[in-house]
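Chemist: Dropping a structure here in structure tokens format, bear with me for questions.
The values are calculated or read from the model by the stated rules, or taken from the named source; none is laboratory data. Here the structure is a predicted model, which means the values were calculated and not measured. Reconstructed Cβ throughout: ideal geometry from the backbone, glycine too, with neighbour counts over all protein chains shown.
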Amino acid sequence: MTTASLSELKKELASLSTKELSELCLRLSKYKKENKELLSYLLFEASNEGAYILGVKEEIDTLFSEIMSGNIRNGKKILQKALRTTKKFIKYSGQKQTEVELLLYILKAMSDSKVRFRRYTATANLYDRTFQKLKKTLESLHPDLQFDYQLELEKLQESDW
């Protein structure tokens, strides 16, 4: 079986009725959790991006509350899970401002954490890659927003974690 191109799928979807489209969406959501999460975002949360960001921040806080100061291995795994989760939610949104805000929040959470991630190469590299991704994404925003986020980024960079 060959996969149809995006333009072919678009043409075929345009020819379907609303009932058929809703059945297709429901069928897609049955097979993968990620499809269901994306559909939930599009239906319920896309209209209120601020509340969506707050919900993701709460989930990040929940993950960071699990980090125990004595066991860096668990801390590293939880940090990786938090980054994976954050990237997934960023992908659902597709907005650069949401991406900047969530990446900035996770970097702040890392620097505020009791665990000193900088001592360990793997976690320091995770932080550095996330920081570079944030800087790159920041360049694509409107100059006014860039200035606001740049101030927060500089504060984060000055903090010695």
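Chemist: Of Val115, Val100, which residue is of a type in the set (Val, Ile, Thr), in contact with a helix residue (DSSP H, G or I) (Cβ under 9 Å, 6 or more places away or on another chain) and more than 16 Å from Gln80 (Cα to Cα)? Outline the logic, then answer.
Modeler: On the way: Val115 fails: more than 16 Å from Gln80 (Cα to Cα).
Every option except Val100 fails the conditions.
Chemist: Might you check whether a residue that is farther than 21 Å from Lys87 by Cβ and small (Gly, Ala, Ser) occurs anywhere in segment 32-40?
Modeler: no
Chemist: Could you please find all residues in segment 26-49 being surrounded by 13 or more Cβ atoms within 10 Å (Cβ to Cβ) and assigned to a helix (DSSP H, G or I)?
Modeler: Correct list: Leu28, Ser29, Asn35, Lys36, Glu37, Leu38, Leu39, Ser40, Tyr41, Glu45, Glu49.
Chemist: Let me ask something else. Which residue, of Tyr52, Tyr41, is modelled with pLDDT under 90, among the aromatic types (Phe, Trp, Tyr) and touching a helix residue (DSSP H, G or I) at 6+ places or on another chain (Cβ under 7 Å)?
Modeler: Details: Tyr52 fails: modelled with pLDDT under 90.
Step by step, each of Tyr52, Tyr41 is checked, and only Tyr41 is modelled with pLDDT under 90, among the aromatic types (Phe, Trp, Tyr) and touching a helix residue (DSSP H, G or I) at 6+ places or on another chain (Cβ under 7 Å).
Chemist: May I pose another question? Restricting to segment 55-83, name every residue that is modelled with pLDDT of 90 or more and exposed (fewer than 11 other Cβ atoms within 10 Å of the Cβ).
Modeler: Result: Glu58, single match.
Chemist: Still on this model: Scan segment 28-36 and give yes if some residue there is touching a Ser or Thr at 6+ places or on another chain (Cβ under 7 Å) and not assigned by TED's automatic domain parsing to the domain that holds Ala109, otherwise no.
Modeler: Looking through segment 28-36, at least one residue is touching a Ser or Thr at 6+ places or on another chain (Cβ under 7 Å) and not assigned by TED's automatic domain parsing to the domain that holds Ala109.
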